[in-house]
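Reviewing the structure listed below.
What follows draws every value from the coordinates through simple rules; no lab data is involved. Keep in mind that what you see is a predicted model, and the values were worked out from it rather than measured.
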Amino acid sequence: MSQQSTETQSLTDMDSIGPALSHWKQRLRELPEVRLEKVQSVRGAIRSSCYESEQVLESTLQQLSNEVGVLCRKDSPAGWA
């Protein structure tokens, strides 16, 4: 395959992921803002072993699952759900 042919194929490959990439960038923009002070507070509690309880873990996993669900909604581009 010639150098020009390889470059053309690479550009075609990039074009095919363009819509999907744009979709995921938009999904990331839709996520809620990270509250740095909350993150730092939780990190401190984890370090001091004050944050380890079954209730906290279950709640955290549920919230994480919900946020991942926002990214993977059914209206994502074909093949990305």
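Some notes on this structure:
- Extended-chain gain in nm, criterion 0.36 nm per residue less alpha-carbon gap, residue 53 and residue 17: 8.8 nm
- Under the Karplus curve 6.51 cos²θ - 1.76 cosθ + 1.60, θ = phi - 60°, whole-Hz ³J(HN,Hα) for the range 42-55, x wherever Gly or Pro sits: 5, 4, x, 5, 5, 4, 8, 6, 8, 10, 9, 9, 4, 5
- In terms of its C-alpha gyration tensor, the range 35-74 has an oblate overall shape, because the principal axis ratio a/c (a ≥ b ≥ c, square roots of the eigenvalues) is not below 1.5 and a/b does not outweigh b/c.
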